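Some notes on the structure that comes next.
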Amino acid sequence: MEADTMRAVAPIEIAQAREAPLSAARREAVFETRGLSVSYGKALAVANVDLSIYRNLVTAIIGPSGCGKSTFLRSLNRMNDLIPSAKVDGEVLYHGQNIYGDGVDPVEVRRRIGMVFQKPNPFPKSIYDNVAWGLRVLGMKDDLDGRVERALTQAALWDEVKDRLKKSAFGLSGGQQQRLCLARAIAVEPDVVLLDEPASALDPIATSKIEDLMHELKNEYTLVIVTHNMQQAARVADRTAFFTLERTESGGHGVLVEYDETPKIFTQPGDQRTEGYVTGRFG
Amino acid sequence: MAVDVAHFSLTPSPRTRRRKLVNLLMQALATIAALAAVTVLAVVIISVAQRGASALSWDFFTKTAATFGQSGGGVANALVGSLVIVALATVMAVPVGILVALYVSEFAPPRVADLVRLVLDVLNGLPSIIIGIFVFGLLVIGSGQAAWKGSFALAIIMLPLVARATQEVLALVPSSLREGALALGASRWRTVLGVVLPTSVGGILTGTVLAVARAAGETAPLLFTTSIAANTVTWDPRQPVLSIPYDIFVLSESADPADHARAWALGLVLISFVLVTSLTARLLLVRHRKRLEG
Amino acid sequence: MSGRVNAVTSTPALPSRRRVGDRFGDVFLHVLTGAAAAAAVTLLIAIGWKIFDIAHPAISKYGLTFITRQGWDAIHNRFGALDLIWGTAVTSFLALLIAAPLSIAIGLYLSELAPRGARTVIASLVELLAAIPSVVLGLWGILVLGPFVGKDLGPWLHRYLGFIPLFDGTPQNAGILVAVLVLTIMIVPITSSICRELFLGVPTELEEGALALGATRWEMVRGVILPYTRTGVGAAVILGFGRAVGEAIAVTQVIGAGYGIHWSLFATGDTLASKLAEQYDSATTKIQTASLVYLAAILLVISLLVNLAAQLIVRRFAHQRTGGS
C-alpha cells in the first residue's frame, strides 16, 4: 500500500468492524434490478445495473461522486418520478413485482420503501407531529402516542425529546433532526429504508450514533445506504456495491462494477477499478 | 421461503384508492379555478374587442366629441389629453424614482433604507382616489384644474413602481463590478453614473414601461385634477384636459348607447395600449435578466 | 484616499484637483439622492396631513360620531359615514371570501399542477388580468356583468337561495353583488401571483420528505406547503383586501349609488371609495366637501392599517426564513 494514501483502508480496520457482516445465503432478495438504466433527458446517468438487495442486511453503495449512486437509490422508491426529465429503463423487482409496472401506484411503493435524505428535512411542525403526520395520513392512527414513542425509541431519540415533544423540530441539532427523520420514516412501518448519505451533513459524534442505529435497525428493516465515506461502508455494511463513472464522448454515466460481501470488496476486490478506489489511488 | 405477497402488494389498497380520489378532486378544483381566471380574462377582452371594434374609425381618432344630438365625432381630445398627462407624469416620476432607488441601494444606512422601502411600499398601496384628493387639496383648490396637476397625481402613483424596479435591478449589479471600478480609482459618483446605472438601464426601462401602463389606466386621480375640460384638442398642460380613462368613465355612466359604443372603443384602445406595454416590459425583463446573469 | 504616503512616484498635481471634484461629486450625488428619498417620505406624511386638514371642519363638527351616523343628506347638511363603512366592509369581505380560496387554488395550480410548458404562459395570463384598467373592468361590469346578474344570476340565486336574507329582494343590474364580483376579479390576480411565488419557494427537500413517506400530492400540499407558507399567504390576502377597500372607480360604476344598510346583496349601496368618486363634482358647500374628505380620511386610515399590517407580516416572515427558524 502506498504510504501517501490517506484513504487507504488497511486490512486491519476491516477485521475490527463492529460485528461480522451477515451473509446473504438463503436470504430473500427484497430488490432485484434487471438492466436498470436511468437517464435525465438525453443524458444517461446510470446504465444497466443488475443488483439484488437482501433482506435484513445493510447494503452500501459506494463510488466517486457523479457516478449515479443517488440516482440508483432514488429509482428504488420511484423518487426519480418527481424529476420531469427522468426516464427509467429496465426493471426493479420488489418481492418479484416490477415497481415500474402497470397498475403499480408510486404512493404504495413509497409507503413500503422509506427514505432518509442527505440534509435533514424535518417538517415545520412539532417533534411529535413530525412523526405522527405520516401515521395520520396513512391511517395508522390507533395508539398514535405509542407508535410515535416506539419510532423515536428505535431511532435512539426518545430520551432526548420525550419532554419536549410539542416543541418545534427546528430546535433540534442537526444530528437529532436526522434521527427524527429516521423515526418519521420507520414510524410508518416500511419494509425497506433507503438512506442517501445520511451522515454527510453531520459531525462525527452524530455520525457514529446513526451508524450504531443501523446495526439495530437491520433486524427489523432492510437498509440500503449510499455513502461517499468508504470507512463508513466498511463499518456498517454487510454487502457493498461499488459504482464508477464510465466515460464516453458525451460525458459519462455510472455503472456497477462489483458487488460482494463488504470484507471482500475492501480486502480482495475482484476488479481493478474497485481496488483503485478502495486503496485510494483515485478520488 | 413463504413470501406474503399481499403484504407487499404494490397495487392500491382501498384506503389508498380513496386518498387518490381526494387527490384527484383537489387537482380538479385547482384546475377549474385557473380555468375560471383565464376564462374571465378572455370574456372581458373579447367583449371589449367585439364591441369596441365596431366604433373605431378614422373620425374616431381625429375628431372631438360631436355636439349634443349629432352623431359621429370622436375622441381626439381624450387621446391627446392622455398623451400629455402621462408623458408629463413620466418626466416627473422617473428621475425622482431613480434617485430614490439610488439612495436606498448605494448610500443609505440599512435602517434608513428599510424605512424608505417601507414608505414606498405604503405609497404603492394607497388608494389612487386618496392621491387625487391630496393633489386636489394641495394644488387645485383656489387655482383650478390643469393637466400638469393630473400628471403630478399620476407621478405619485408611478414613483414607487419606478423606484422599486430600479432598486431590484441595482441589486442585481454584482458588487464585483462596483469594487472593480472603485479599485481603479474612480470616485463613488463616477462609479454609480458610469458603471452601475448603465448596467441597470434595461431594468429601469422595464420599470418605467410598467409604470406608464399603470398610469395610463388610472381614472380616480384625474377626477379631481383634470376632468372639467373643453371639447377641444389642446396640448397645453396648464389647461385641464380630457383623458382616455376619464372619458370612458363618463361615457360608461351615460344612458346613450352611442356613448357606450364610444366607451367600448376607447376601452379597446386603452386595453391594447396596456397589453402591448405590459408584454414589452415582460420581454425587456427577460432579455435584461439574461444579459445580467448570462 | 489616505494611501498618499507613497504618492511620491505618482503624478503630483493632477490627482488633488481631480479629488476635490470627485469629492464634490460624491457629496452632491449623496445629497441629491437623499433629498429625493426625503421627498418621498415627506410626500407620504403630506398626504396624511393634507387629507386631515381639508376634513378638519367636518371632524371638528361631527367628531367620531361621524363614523356611527347614517345618511348622506346634502340638502340639510347632515352627513354620516356608517352606510359607507358598511358598504366597504361588506363588499371587501365578501370579495375576499371568494377570492382567497380561488387565489390559493390558482397559486397551487401554477406551482404544482400545470404542465411545465404551460406554466409561465398561464401565469402571465392571470397577471394580465391585473393589468386591465379598473375603469374598463367597470365598463364591462355595467354593460355585461350587470345585466347578467340582473337577468340571469340574480333571479337564479333568488329562486333557490332566496330564503337567505342575502339573496332576498329584487335582482337588479347594479348593486352590491355586482360590485363584489368585480372586486373579486381585481383581487384574484394579485393574490394568486403572490401565492404562486410563495408555493414555489417551499424547499424541495421538504416536499420530497413528505412524498417519500407515501403521501399523495394533495396530502403533501396540505401537510407541508400550506403550513409552511401560512404567514405569507395571510399577508397576500390582506394586500388583496387593501386593494378591494381602496377601489373607487369600478365599484362606483357598478354599485348603483344607493343608501342605507341592507342585508340583500341585490341592493344598491356605496363604499367609502365609491362615494368619493361619485361626488367628485357635486360638493358645493364647505361642510359637504369637508365631510367628503372626512370619508377619505377614514379610508386612508383603514388603508394604511391594512397595508402596514401586510408589509410588517411580510418583513417578519422574511426574517424568519433567513434567520433559520
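Bear in mind these aren't lab numbers, they're just calculated from the coordinates by the rules spelled out. Computed from a predicted structure; not experimentally measured. Cβ: placed from backbone, ideal geometry, glycine included. Neighbour counts: every protein chain shown.
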Computed FRET value (nearest 0.05) for residue A:170 with residue A:83, which takes r as the C-beta separation and R₀ as 35 Å: 0.80
Shielding by other protein chains, A:90-96, mean Cβ within 10 Å: 2
Cα-based helix-to-principal-axis angle, C:13-62 vs chain C, degrees rounded to 10: 20 degrees
Contact order normalised by residue count of chain C, Cα under 8 Å, 6+ apart, percent: 25 percent
Residue A:98-residue A:160 pseudo-label distance in nm [points 7 Å out on the Cα-to-Cβ vector]: 4.3 nm
Quarter of the Cα convex hull surface for the protein assembly as shown, i.e. its orientation-mean projected area (nm²): 50.3 nm²
Under 25 Å from the Cα of residue A:42 - lysines, other chains or at least 8 residues apart: A:69, A:87, B:290
Rough spin-label spacing in nm, given labels placed 7 Å along Cα→Cβ, for residue B:287 and residue C:151: 4.7 nm
Under the span-like rule (Cα at least 15 Å along the axis, Kyte-Doolittle mean at least 1.6), DSSP H helices of chain B: B:76-102
Chymotrypsin sites (Phe, Trp or Tyr not before Pro) within segment B:25-124, DSSP loop, no more than 12 other Cβ atoms inside 10 Å: B:68
Under 5 Å, built H, 5+ apart or other chain: amide partners of residue A:49: A:35, A:36, A:37
Whole-angstrom gap from segment B:207-272 to segment C:171-191, using each part's C-alpha centre: 22 Å
Degrees between helix A:174-187 axis and first principal axis of chain A (Cα, 0 to 90, nearest 10): 80 degrees
Largest-first ellipsoid semi-axes for chain A, taking √(5λ) over the Cα gyration tensor eigenvalues, angstrom: 31, 24, 17
Over chain A, relative contact order from alpha-carbon pairs under 8 Å, at least 6 apart, %: 28 percent
In segment A:117-215, lysine pairs closer than 23 Å at Cα, eight or more apart or cross-chain: 12
Packing-based ranking, highest mean first, of C:94-101, B:94-101 given that Cβ atoms within 10 Å are counted: B:94-101, C:94-101
Expected-Rg normalisation [2.2 N^0.38 Å, Cα atoms] applied to chain C: 1.34
Qualifying aspartates and glutamates (Cα of each under 12 Å from Cα of residue B:20; at least 8 residues distant if same chain): A:105, A:108, C:219
Quarter of Cα convex hull surface for segment C:161-288, i.e. mean projection, nm²: 11.4 nm²
Fewest-first ranking of B:105, C:282, using other Cβ atoms within 10 Å as the exposure measure: C:282, B:105
Residues of segment B:233-247 with amide N under 19 Å of the 7 Å Cα→Cβ point at residue B:62: B:233-235
With Cα atoms, 0 to 90° folded angle of helix A:144-154 axis to chain A main axis: 40 degrees
Chain lengthening between residue C:315 and residue C:205 when straightened (0.36 nm per residue, less Cα-Cα): 37.2 nm
Cβ-Cβ FRET estimate between residue C:159 and residue C:98, R0 fixed at 22 Å, reported to 0.05: 0.60
Sequence of A:239, B:17, C:116 once ranked by neighbouring C-beta atoms within 10 Å, starting from the fewest: C:116, B:17, A:239
Loop sites in segment A:245-283: GluC sites (Glu not before Pro), DSSP, at most 14 other Cβ within 10 Å: A:249
Proximal lysines to residue C:61, defined as alpha-carbon separation beneath 26 angstrom and excluding residues fewer than eight positions away on the same chain: C:50, C:275, C:286
Spherically averaged projected area in nm², based on the convex hull that wraps the Cα atoms of segment B:107-218: 8.5 nm²
Distance between modelled label sites at residue B:141 and residue C:65, nm, 7 Å Cα→Cβ extension: 2.4 nm
